[in-house]
Amino acid sequence: MADPKGFLKVTERELPKRRPVPVRIMDFKEVYEQGDPAQLRRQAGRCMDCGIPFCHQGCPLGNLIPEWNDLMYRGEGRAAVERLHATNNFPEFTGRLCPAPCESACVLGINQPAVTIKQVEVSIIDQAFGSGWVQPQPPGRLTGKTVAVVGSGPAGLAAAQQLTRAGHTVAVFERDDRIGGLLRYGIPDFKMEKKHLEQRLAQMTAEGTRFRAGMNIGVDITWDQLRERYDAVVVATGAMVPRDLPIPGRDLPGVHFAMEYLVQSNRRVAGDEVFDQISAEGKHVVVLGGGDTGADCIGTAHRQGALSVTNLAIGKQPGQARPEHQPWPMHPTVFEVQSAHEEGGHREYLVSTVEFVANDSGELRAIRVAETEYLDGRRVPKAGTEREIPADLVLLALGFTGPESQELDEQLELAVTDRGNLDRDAAYATASPGVFVAGDAGRGQSLIVWAIAEGRAAAAAVDRYLEGETSLPSPIPANARAFAV
Ligand SMILES: Cc1cc2nc3c(=O)[nH]c(=O)nc-3n(C[C@H](O)[C@H](O)[C@H](O)COP(=O)(O)OP(=O)(O)OC[C@H]3O[C@@H](n4cnc5c(N)ncnc54)[C@H](O)[C@@H]3O)c2cc1C
Ligand code: SF4
């Protein structure tokens, strides 16, 4: 145990400061300032090394949190990163982007603010990369078996790294021009700068994973051709079919899916030329829908110089405290203030969008909204409450309905569940022998931590399929939940 009296001496949560809002919205760099090692040690020292560490179950990866808290408290960063990597291939992603359900399950959180687990995690890995402790781990021998991983998001990357290290020859196919999935073109740099992705890809390349960007499987080569060429295939294609809002005016110029907007902005930040870029500059922006995607649109719009940013949600505003039906150690639905929310704009709840309104020239000028009313459990616009909100740009961040599945169905006969996700059994295997599904493609739009956990577990299943046994860890059966995250 780090410090037996740590949790009695330090009762407050301390996190690195975020850069001042007026400064940080001038660029797309990460919002956090450099952490203070003394502060980090104090926080790691608050960990009680509980007999039953509920944080383990709270984390979908089963991260060994008390162990690395202890090691960081003692200044043993090198041992800490080994314990961290034992369960998590990419702590530099989760340490920046995870909503930290582990902290909701922290035992200290019952009557004190939880340990800053996620901050300790990111500090361990940043120190390790900075100190040169993260080195390639190529396999000792090759099995002669080949695996195609389709999709280069966190699920595909985790599966590829595990399988490469197990000695298989792995190629990752990605239809975008760059590797990374939503880490690359969904999540803006102010949440995670792409240098973190690049340094991990450099390690993977040195270990022997092959990357093939610009290959759209199902189009450039068919899925069944791919299956014939490789001994096994992992489908990690994400769940990016966006939920639409088919109301009058939907086809007006100025109404866009959030991902159309975010991809263009991320490309621009990466230095690409983007023709006819959708920009918020000088515009009244309305973001429909909350969640991570909505917050990323808000932060991006402020950085592009929006005149105003309004975020509308159809449902009720979550409370500030844990609701009674989500007691500890569950991950509760509470009112979230992400860094993007601190930067301006305002949020409204119980608002239903009725129509996108055009001016005389046929351009978007407003959206017509009404109060949301609950009728027989359905959310409908309340009659007589309609009003207009000025809007030159509307971004639809209403979630995702599932993966693109048509070609997979036609070429590999992969089935789809009644929730629209690719069907697989508890061991990630589909009905097509040798074809496995990991990440959002099988789970629906979820979290990076789940994608990594599924990629690791699917890799173990593939290894067992190819070799008859496996020594790769298999953290979770497909579609497992950890304390309702
Ligand atoms: C805007 C946004 C912000 C988010 N922010 C967070 C966050 O802060 N924290 C968090 O935990 N989660 C966040 N999420 C969710 C998280 O990004 C996803 O759950 C995670 O990336 C899923 O990983 P994945 O590997 O399953 O798929 P993805 O990351 O979606 O990657 C799938 C990849 O497959 C490729 N692909 C698809 N079809 C083919 C094909 N036929 N051939 C070749 N390649 C193909 C796609 O181009 C894509 O690159 C966010 C999601 C969005 C949309
Ligand atoms: S990956 Fe997420 S849930 Fe797991 S320890 Fe890190 S922050 Fe917590």
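Look at Gln445 and say whether it is part of a helix (DSSP H, G or I), polar (S, T, N, Q) and crowded, with 16+ Cβ neighbours inside 10 Å. In short, no. Selection within segment 163-176: residues that are within 11 Å of ligand 1 (Cβ to nearest atom) and either within 18 Å of Ile448 (Cα to Cα) or not in a loop (DSSP other than H, G, I, E, B) (or both). The member of this set that is least open to solvent (accessible area, probe 1.4 Å) is Val172. Gly455 meets the stated requirement of being closer than 23 Å to Pro91 by Cβ and within 15 Å of ligand 1 (Cβ to nearest atom). Restricting Ala453, Ala391, Ala458 to residues that are among the hydrophobic types (A, V, I, L, M, F, W, C), buried (at least 21 other Cβ atoms within 10 Å of the Cβ), touching a Lys or Arg at 6+ places or on another chain (Cβ under 9 Å) and under 27 Å from Leu197 (Cα atoms) narrows the list to Ala458.
Restricted to segment 254-356, the set of helices (runs of 4 or more DSSP H) holding at least 3 residues that are open to solvent by 20 Å² or more (accessible area, probe 1.4 Å) comprises 258-269, 291-304. For Leu393, are the conditions met, namely being in contact with a His (Cβ under 9 Å, 6 or more places away or on another chain) and either closer than 30 Å to Gln57 by Cα or touching a residue at least 12 places away in the same chain (Cβ under 8 Å) (or both)? Yes; evaluated as a whole, the condition is true for this residue. If you filter segment 382-419 down to residues that are in contact with a Leu (Cβ under 7 Å, 6 or more places away or on another chain) and assigned to a loop (DSSP other than H, G, I, E, B), you find that the one that is nearest to Ala295 (Cα to Cα) is Ala397. Only residues that are surrounded by 21 or more Cβ atoms within 10 Å (Cβ to Cβ), at negative phi and of a type in the set (Gly, Ala, Ser) were counted across segment 96-127, and they come to 4. When Ala431 is tested against (1) in a loop (DSSP other than H, G, I, E, B); (2) touching an Asp or Glu at 6+ places or on another chain (Cβ under 9 Å); (3) surrounded by 14 or more Cβ atoms within 10 Å (Cβ to Cβ), just one condition goes unmet, and that condition is (3). Is it the case, given these coordinates, that Pro154 is within 30 Å of Leu412 (Cβ to Cβ) and either within 16 Å of ligand 2 (Cβ to nearest atom) or of a type in the set (Lys, Arg) (or both)? Here the answer is yes, as Pro154 does meet what is asked.
Restricting the first member to segment 185-196 and to residues that are in the same structural domain as Thr300 (by TED's automatic domain parsing) and within 12 Å of Ser265 (Cα to Cα), and the second to residues that are open to solvent by 20 Å² or more (accessible area, probe 1.4 Å) and not basic (Lys, Arg), no beta-carbon pair is closer than 6 Å while six or more apart or on different chains. When Ala158 is tested against (1) buried (at least 24 other Cβ atoms within 10 Å of the Cβ); (2) more than 10 Å from ligand 1 (Cβ to nearest atom), exactly one condition is not met: (2). Yes or no: Ala370 surrounded by 17 or more Cβ atoms within 10 Å (Cβ to Cβ), hydrophobic (A, V, I, L, M, F, W, C) and either farther than 26 Å from Pro390 by Cα or touching a Ser or Thr at 6+ places or on another chain (Cβ under 9 Å) (or both)? It is true that Ala370 is surrounded by 17 or more Cβ atoms within 10 Å (Cβ to Cβ), hydrophobic (A, V, I, L, M, F, W, C) and either farther than 26 Å from Pro390 by Cα or touching a Ser or Thr at 6+ places or on another chain (Cβ under 9 Å) (or both). Checking each residue in segment 177-197 for being open to solvent by 10 Å² or more (accessible area, probe 1.4 Å) and farther than 20 Å from Phe211 by Cα picks out Ile187, Asp189, Lys191, Glu193. Among the residues of segment 93-122, the one identified as without any contact (Cβ under 8 Å) to a residue 24 or more places away in the chain and either within 15 Å of ligand 1 (Cβ to nearest atom) or among the acidic types (Asp, Glu) (or both) is Ala100. Listed conditions (1) open to solvent by less than 10 Å² (accessible area, probe 1.4 Å); (2) in a helix (DSSP H, G or I) are all met by Asn89, apart from (2). For segment 196-234, the set of residues classified as assigned to a strand (DSSP E or B) and farther than 22 Å from Gly167 by Cβ consists of Ala213, Ile217, Ile221, listed by residue number.
Just one of the numbered conditions (1) within 23 Å of the chain's Cα centre (by Cα); (2) under 30 Å from Val462 (Cα atoms) is not true of Tyr261: (2). Any residue in segment 18-32 that is open to solvent by 80 Å² or more (accessible area, probe 1.4 Å), in a loop (DSSP other than H, G, I, E, B) and out of contact with any strand residue (DSSP E or B) (no Cβ under 7 Å at 6 or more places or on another chain)? Checked against the condition, which is being open to solvent by 80 Å² or more (accessible area, probe 1.4 Å), in a loop (DSSP other than H, G, I, E, B) and out of contact with any strand residue (DSSP E or B) (no Cβ under 7 Å at 6 or more places or on another chain), segment 18-32 yields at least one hit.
Residues are listed down the side, and each one gets a yes or a no for (1) more than 16 Å from ligand 2 (Cβ to nearest atom); (2) in a helix (DSSP H, G or I):
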site: Phe436; (1), (2): yes, no
site: Ala453; (1), (2): no, yes
site: Arg456; (1), (2): no, yes
site: Ala460; (1), (2): yes, yes
site: Tyr465; (1), (2): yes, yes
site: Ser471; (1), (2): yes, no
site: Ser474; (1), (2): yes, no
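Scanning segment 204-212 finds one or more residues that are open to solvent by less than 30 Å² (accessible area, probe 1.4 Å), closer than 24 Å to Glu469 by Cβ, touching a Pro at 6+ places or on another chain (Cβ under 6 Å) and away from ligand 1 (no atom under 14 Å from the Cβ).
The values are calculated or read from the model by the stated rules, or taken from the named source; none is laboratory data. The shown structure was predicted, so the numbers you read here are calculated from the model rather than taken from an experiment. We place every Cβ from the backbone using ideal geometry, glycine too, and count neighbours over all the protein chains shown. Only protein heavy atoms, including side chains, enter the accessible area calculation; ligands, DNA and RNA are left aside. Shrake-Rupley method; radii C 1.70, N 1.55, O 1.52, S 1.80 Å.
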